[in-house]
1. Looking at segment 190-246, which GluC sites (Glu not before Pro) are DSSP coil and have at most 15 other C-beta atoms within 10 Å of their C-beta?
2. Can you put Met77, Met1 in order, fewest other beta carbons within 10 Å first?
3. Work through the residues other than Tyr21 whose Cβ is under 15 Å from its Cβ and net out their charges, Lys, Arg +1 and Asp, Glu -1.
4. Quick check on the chain: helices-only [θ] at 222 nm, where DSSP H runs of length 4 and up contribute -39,500 (n - 2.57) each and the sum goes over total residues. Nearest 500, please.
5. Rounded to whole Å, give me the distance from the Cα center of segment 139-171 to that of segment 71-96.
6. In which sequence would Ser235, Ser156, Ser106, Ser172 go, from the one with the fewest C-beta neighbours within 10 Å to the one with the most?
7. For the Cα atoms of the chain, what angle does the longest principal axis make with the long axis of helix 113-128, in degrees from 0 to 90, nearest 10?
8. What does the charge count around Ile7 come to, taking other residues whose C-beta lies under 14 Å from its C-beta (Lys +1, Arg +1, Asp -1, Glu -1)?
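Where a number appears in this text, it was derived from the coordinates with a stated rule and is not lab data. This one's a predicted model, so the numbers in the text were calculated from it and none came from an experiment. Note: ideal-geometry Cβ built from the backbone for every residue, glycine included; neighbour counts use all protein chains shown.
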Amino acid sequence: MSQVLVIGAGSAIAEATARIYAGRGDRLFLVARDAVRLDIVADDLRVRGAEQVDVLVADLTDHDRHAEIIAAAMDAMPELDIVLVAHGILPDQENCQQNVEDTLYSIDVNFLSVVALLTPLANQLEERAKGTVAVISSVAGDRGRQSNYVYGSAKSGLDAFLQGMRNRLSKSAVHVLTIKPGFVDTPMTAHIPERGILWAQPEDVAAGIVKAIDKRRNVVYLPGFWALIMLIVRSIPETIFKKLSL
Ligand SMILES: NC(=O)c1ccc[n+]([C@@H]2O[C@H](COP(=O)([O-])OP(=O)(O)OC[C@H]3O[C@@H](n4cnc5c(N)ncnc54)[C@H](OP(=O)(O)O)[C@@H]3O)[C@@H](O)[C@H]2O)c1
């Protein structure tokens, strides 16, 4: 039985992942902003077999509450095995270009709040010399594109932060996983009208996340074909890339 902390548990990808752990009879501690949705998710996970499910309502941009969140999770689950960080927003790029506040808010949700949470959490896991930190980043962090570079830059900063944390915590046997999904059919992308062959369902991404955690992978693209797509995207010379409208 594992003890799993899910931060941003209202996310469709996080919920699908938590269902897999519930099915294994694991213990879960869920943190999310929407109290009503949190209770619905928690009840569902109990029915699906979770040994115990605790919940805490928090807006994760409220950094002052992070110490309380970590203390409550550690209290409920002293043997904490897995931390999944899933919260995020996909801001409107054009709106961000006209609005510094919206840009900085997006950087806060997608990057700063994660850094603020993981900084004390990493120290605790390092001291205990065990555990996994799995964080949902995005393929968007692999290269800045004109259509979403505010979102992409936050995820890119997150990738570098996790890379360094992995390097540091590997000496204490703490596993750090960077998860890079492509297009996933969730409320975050509900406004995008077209759905093509590149799109995945949250359940498929969740299965990939659990597998990558079990296998102690460092970085995982989900679905896996995104590794090849992003290799190609990253290798386009900047002189050509800036002429494209991606
Ligand atoms: N969907 C995709 O195509 C895709 C692709 C690559 C990466 N990702 C990443 O996958 C992760 C999960 O997203 P998803 O696709 O599952 O979308 P989702 O269902 O819309 O989930 C995003 C979650 O983040 C929560 N959240 C946003 N701001 C928050 C805040 N300040 N405090 C607490 N919670 C907050 C939302 O809470 P509320 O419900 O209260 O708003 C929501 O539950 C995100 O990190 C996203 O960037 C998604």
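1. For GluC sites (Glu not before Pro) across segment 190-246 that sit outside H, G, I, E and B with at most 15 neighbouring Cβ atoms in 10 Å, the list reads Glu194.
2. Met1, Met77
3. Local charge sum for Tyr21: -3.
4. Counting only the DSSP helices, I get -14500 deg cm²/dmol.
5. If we compute the Cα centre of each part, the gap is 16 Å.
6. By the 10 Å Cβ count, ascending: Ser235, Ser172, Ser156, Ser106.
7. The helix 113-128 is inclined about 50 degrees to the chain.
8. Summing Lys and Arg as +1 and Asp and Glu as -1 gives -4.
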